[in-house]
1. Please find, among A:443, A:459, the residue that is open to solvent by 20 Å² or more (accessible area, probe 1.4 Å) and modelled with pLDDT of 80 or more.
2. Any residue in segment A:208-219 that is more than 22 Å from residue B:40 (Cβ to Cβ), touching a Gly at 6+ places or on another chain (Cβ under 7 Å) and modelled with pLDDT of 85 or more?
3. With the requirement that a residue be open to solvent by 40 Å² or more (accessible area, probe 1.4 Å) and not in a loop (DSSP other than H, G, I, E, B), what does segment A:394-431 give you?
4. Tell me, please, whether a residue that is open to solvent by less than 30 Å² (accessible area, probe 1.4 Å) and outside any helix (DSSP H, G or I) can be found in segment B:14-37.
5. Picking from A:169, A:192, which residue would you name as being at pLDDT below 75, more than 23 Å from residue A:97 (Cβ to Cβ) and either of a type outside the set (Asp, Glu) or open to solvent by 30 Å² or more (accessible area, probe 1.4 Å) (or both)?
6. Looking only at residues that are open to solvent by 40 Å² or more (accessible area, probe 1.4 Å) and modelled with pLDDT under 85 in segment A:233-256, which one is farthest from residue B:112 (Cα to Cα)?
7. Which ones in segment A:7-21 are at the interface with chain B (Cβ under 7 Å from one of its Cβ atoms) and assigned to a helix (DSSP H, G or I)?
8. Given the structure, is residue A:230 over 24 Å from residue B:115 (Cα atoms), modelled with pLDDT of 85 or more and open to solvent by less than 40 Å² (accessible area, probe 1.4 Å)?
Amino acid sequence: MTHERMVTDWLHDEAPPRAPERLLEATVRAVAVRPQERVLWRGRRSRTQAPSTRAQALTLAVIGAGLLGVLAVLASVSRDREPTNDVTNGWVAFTKSQEDPDLVGDIYLVREGRPARRIVGWQGDEVDERCPALSPDGARLAYGRAVGSDYGGRGHTGAALVIADLDPAGNAVAAMEVEVGGDARPPCAIWAPDGRHVAFAVGRSIDSIEHGFTTTTDAVWIVRLEDGAITRVQDTFATDLEWAPDGSRLAIASGTSLQGHRAIVPTTEIRLFAITNAESRLLPGTWGANWISWSPDGRRIAYERDVPGSEVDERELVMHELDGDTEHVIATGYHTNQGIGPAWSPTGDRLVYQRICTTNLEMPTMPCREEHDVVVVTSGPGDSWRAEDVTVSVMPQSHGLGASVRPLWPFRVTWSPDGQSLLYDAFGTLFVVRPSGEGPVSILVEDADPEAGGLTVPIQVWGRRPDGAADMWSAPP
Amino acid sequence: MRHDLIERAQRGDRDAFGQLAAQDIDHLHAVARLILRDPHLAEDAVQEALIRCWRQLPRLRAVDAYDGWVYRILVRAAYDESQRRRRFASHLRTVSIEPQVGDETRLVADRDELARGFEQLSLDHRAVVVLHHYVGLSLPAVAQALAIPTGTAKSRYFYAMGALRAALDADVRLAITDGARP
């Protein structure tokens with residue numbers, strides 16, 4: 001094939017076949033309110049007789065901005081700037097879909113005692129914004145964006161990762177966009193602890209005879225925020241990602257084929273990818289690992305895997321000591337549903353994971369399938385994580401009394417930045433519970449989208465500004 | 001029919017212009033997308049270009065020149081959009097944690113390198129390549145559409161193609177170097 005032919009073919013393959021329908025509609029609407037430039041006489045052309053629409057728009061914008069500024073000042077003076085409760089220890093970002101049938105999500109912020117505020121997206125748009133992840137300093141928000149809906153598993157179009165700056169009033173202003181391809185889902189990014197990189201797996205809908213439509217990942221993208229450099233780690237089929245505490249390496253629970261998605265065949269294992277030199281190291285003995293969590297001191301990786309040889313999808317929780325690559329099993333013989341995986345507390349002394357049907361292994365399916373235990377494991381003396389040394393606490397399974405009883409069966413569990421609270425993402429309801437299992441249970445939101453699924457999902461939904469003074473609710477919602 | 005639509009639109013018939021826009025928008029969007037490599041900038045450029053077309057249509061003397069005239073306005077709008085918004089510009093490297101073999105992998109790698117090389121080109125060079133290789137205009141026609149001398153169009157074209165070839169060659173050299181490692 002000649003070079004010229006290769007370029008021609010590539011351009012035709014790259015070209016989108018159709019423009020979005022909304023583009024024509026918007027253009028026709030714009031044309032409808034714009035006058036044409038008239039030719040006054042042949043051979044000489046007039047300046048446009050219509051007043052400059054840009055000048056009009058600028059004038060209106062200046063006036064509008066001034067009015068908004070005045071309103072914002074008045075509102076900020078009159079509002080209570082102190083949070084009503086410190087249980088949530090900051091604010092929580094979540095996704096909420098618009099009405100069916102679109103299932104197109106927008107991103108909101110909420111904290112206890114305050115109504116949720118939409119900060120990304122608007123009602124009626126066709127853009128799906130998902131997977132909010134707050135930067136470690138709480139000043140930036142990463143989220144995935146794509147046109148259209150994933151309803152029916154057919155995928156989106158034009159997916160991109162967006163990095164937005166959050167001002168103290170909670171307004172998100174897009175500062176960076178990374179386009180990931182035409183048929184990908186909105187990417188779910190994870191911030192490095194030093195805030196210098198984000199990583200995400202690009203998910204695509206795969207149509208196969210054997211499995212029908214399913215979603216898998218084919219590459220992990222690492223973006224350096226300083227200059228936008230992207231490293232794309234090919235053929236990883238990641239099920240989970242986790243940064244080292246110093247941000248130097250990325251742990252990738254990675255498969256070796258399109259069947260890397262756990263729901264199909266668990267062929268995954270853990271690789272450590274060095275950011276500086278792009279070298280990767282396979283962690284020995286981690287075959288079958290899907291969900292991973294790196295300890296805050298950097299010494300261990302906890303992960304879940306299928307019990308070797310098990311034919312009933314039994315799982316076990318494993319602690320891998322990076323110094324010497326030794327490992328030991330903390331818990332075994334349980335089942336998972338969505339799989340919240342292990343999540344290490346920011347203080348490093350506790351680990352939370354989920355299990356199902358621990359008491360009836362003879363019946364791995366219904367009726368006990370929907371019983372979800374959230375288990376908090378606390379390290380033993382001397383920071384020991386051996387099964388015989390740890391303390392195990394099973395969290396309450398329900399909240400409320402009588403007819404108002406609500407099950408506490410989360411798809412996802414996230415620690416608050418100070419480690420004092422847990423956030424449950426359970427069937428669209430966001431609960432805040434104490435990791436001791438005692439004390440009040442708060443309901444933050446009841447109509448969020450569950451951020452569950454087979455792809456890597458950020459757990460950095462809980463943020464706060466380091467200065468503590470910025471109140472994201474100082475501006476009117 | 002198309003001739004008639006253009007003339008009616010010139011006289012201020014918005015419906016006629018709407019039909020013209022409906023006929024052209026997919027193609028214009030594809031051209032803008034290829035030149036800008038950004039879906040959102042491309043949409044903005046297409047909308048801005050069509051609005052400019054509508055407003056300036058009475059100035060168009062030769063209806064037969066409409067298509068080339070639209071390309072010129074589109075490329076100009078693409079320049080403006082690119083400069084108006086400071087966008088995220090990245091360089092990308094691709095690494096693999098699994099060895100790859102086979103012609104298909106080579107083909108995929110070539111396309112990646114082609115994309116990377118194309119993104120390194122300036123908008124001036126991309127526009128010439130897209131109008132020549134995607135739209136199918138001859139280089140003199142490209143020059144006419146962009147309102148530049150034919151020599152400049154040729155110069156930009158050969159520079160761009162050389163840069164794309166160099167990007168592919170560099171990838172081949174890198175693959176050979178990697179393959180030679182113990």
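1. On the way: A:459 fails: modelled with pLDDT of 80 or more.
That would be A:443, the only listed residue that is open to solvent by 20 Å² or more (accessible area, probe 1.4 Å) and modelled with pLDDT of 80 or more.
2. No - not one qualifying residue is present in segment A:208-219.
3. Listed by number, the residues that qualify are A:394, A:398, A:399, A:402, A:403, A:404, A:406, A:407.
4. We begin by selecting, within segment B:14-37, every residue open to solvent by less than 30 Å² (accessible area, probe 1.4 Å); these are B:16-18, B:20-21, B:24-25, B:28-32, B:34-36.
Narrowing further to those that are outside any helix (DSSP H, G or I): none.
So far as segment B:14-37 goes, no, none of its residues is open to solvent by less than 30 Å² (accessible area, probe 1.4 Å) and outside any helix (DSSP H, G or I).
5. Working: A:192 fails: at pLDDT below 75.
Answer to the check: A:169.
6. Among residues in segment A:233-256 that are open to solvent by 40 Å² or more (accessible area, probe 1.4 Å) and modelled with pLDDT under 85, the one farthest from residue B:112 (Cα to Cα) is A:256.
7. If the condition is that a residue be at the interface with chain B (Cβ under 7 Å from one of its Cβ atoms) and assigned to a helix (DSSP H, G or I), then A:7, A:8, A:10, A:11, A:12, A:14 are the ones that fit.
8. Numbers: over 24 Å from residue B:115 (Cα atoms): no; modelled with pLDDT of 85 or more: yes; open to solvent by less than 40 Å² (accessible area, probe 1.4 Å): yes.
Here the answer is no, as residue A:230 does not meet what is asked.
The values are calculated or read from the model by the stated rules, or taken from the named source; none is laboratory data. From a predicted model like this one, the values you see are computed outputs, not experimental measurements. Virtual Cβ from ideal backbone geometry, glycine too; neighbours counted across all protein chains shown. Quick note on the areas: whole protein, heavy atoms, side chains included, nothing else; ligands and nucleic acids left out. Shrake-Rupley method; radii C 1.70, N 1.55, O 1.52, S 1.80 Å.
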